[in-house]
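Below is one structure, written out as structure tokens; the observations come after it.
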Amino acid sequence: MKKSNLTKNNKFAYVFLLATTTAWANTKSPNGLPKPRPNDEATPPPNQEPSAAQPAPTPSQPPIKNQDQGKSQINIAAIRVDPAVAKQVKQCPANAVNLTSQPKPHRVSSLTFDPQEKQSIKLKFTLSPIMTTAEERVLVLLYSQCLSPQPQLETPNSDNKLALDINDVQILDTYQIAAKTDQAPNQAKSALTPVTLDIDLELDKLRQQVEAGNDTFYFQAALLNKADYDGRHYGEMVLSPLEAVEFSSKNCPDRNQLTQNVNSANPVCGQLKQTKSANNLPNNTNNAN
């Protein structure tokens, strides 16, 4: 993506621009989550069943609708640990969490890790199959440690609104969805594209974050036409529901601990500079160039 002179109030486009430049990718980050990676490292989900040591992914939600059918939907169907590192990071049993904070995550996953471990492990983000369209599109996995009570960007094409704080949002990975090609009726199933993004997680940096009280991480996937992505028209995004992952060292939290952790804002969020209100943000970034 080429740099351009951005207007000062175009905060979201500026964040995205930073997140997709080589200079940003080489910057050391204080959190335990990864730097952006090339598209070709994203891999389709395996055909085999998950290891017995790992819980099976949650059932996939309905695939994205054709754009002619109204507002489209995408979903993060499952977030799980790579079975190869089950000894370093373990999936905690599902606990019903009484969420009081806003916005509320669609789902809360809880993972525990050995604080003595310093290696990198992988988290697998599996998306519900995405239907191809006549246009090339880009899937973006967004992450933040902080949430915004109100969306800071208008996204009229999306039923789900941006819940992440744009002062903290980062791109973890991108994946290119090829344009639909003419095919025979019996090849219709190939129009659904399965996507799994493998995200590197540095346990040493994660330990530092958890010890500082920053134990909850938030994710949304976004889908937009490649032309809009290249032009930084991020108001055209279609967003997935908000997902939360809570990390604990040594032991899994009980229900009360998990509820308290997720409902409490990460301390790092109090250090963020406040952006302008959503009314001062453009519907898209047409003025970015």
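The values are calculated or read from the model by the stated rules, or taken from the named source; none is laboratory data. Note that the coordinates shown come from a computational prediction; the quantities given were computed from them, not determined experimentally. Heads up: the accessible areas ignore ligands, DNA and RNA and are worked out on the full protein's heavy atoms, side chains in. Shrake-Rupley method; radii C 1.70, N 1.55, O 1.52, S 1.80 Å.
If you project the alpha carbons of region 190-271 onto their three principal axes, what span does each projection cover, largest first, in Å?
Reported extents, whole Å, longest axis first: 43, 34, 25.
Distance from the Cα centre of region 96-174 to that of region 188-235, in angstrom?
Using only Cα atoms, the two centres lie 6 Å from each other.
Shape verdict for region 104-186, please, from the Cα gyration tensor: rounded (a/c under 1.5), prolate (a/b greater than b/c) or oblate.
Oblate.
When a/c reaches 1.5 or more, the comparison of a/b and b/c decides; with that in mind, is region 73-150 rounded, prolate or oblate per its Cα gyration tensor?
oblate
Given the Cα-Cα distance of residue 271 and residue 135 and 0.36 nm per residue of separation, how much length would full extension add, in nm?
Taking residue 271 through residue 135 to full extension adds about 44.9 nm, to one decimal.
Could you compute how much accessible surface residue 250 exposes when probed at 1.4 Å, giving the result in Å² to the nearest 10?
Taking all protein chains as shown, residue 250 has close to 150 Å².
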